[in-house]
Amino acid sequence: MKSEQDYRVRECVHRANGAPGGFYAGSTYVKQLQRLPSAEALKAAARVTPFFWADAAHISVWLCRDCADELGLSGRESDAA
């Protein structure tokens, strides 16, 4: 049985393959998605375990470096609390 904490972490599909990456606040992830053109946002979002955007403040999103780069998060330090 998964703990409540397990349900608050989402990740890109590349984590299972051992790609290097880091955690970002869900709200930061959503803001960056919203800045992309629709087609690019859908493509990027499809690579991350889904969650309701209304819950973003309570979610940590793990992104590999490539996915973080695509969202413009590569130069930022992980801001997940």
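The values are calculated or read from the model by the stated rules, or taken from the named source; none is laboratory data. What you see is a predicted model, and the numbers here were worked out from it, not measured in a lab. Only protein heavy atoms, including side chains, enter the accessible area calculation; ligands, DNA and RNA are left aside. Shrake-Rupley method; radii C 1.70, N 1.55, O 1.52, S 1.80 Å.
Tabulated data for the structure shown
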quantity: Chain lengthening between Arg8 and Ala45 when straightened (0.36 nm per residue, less Cα-Cα); calculated: 11.7 nm
quantity: Solvent-accessible surface (1.4 angstrom probe) belonging to Thr49, in square angstrom, nearest 10; calculated: 60 Å²
quantity: Table column - 3J(HN,Hα) (Hz), the range 65-71, Karplus curve with 6.51, -1.76, 1.60, x for Gly and Pro; calculated: 4, 5, 5, 5, 4, 4, 8
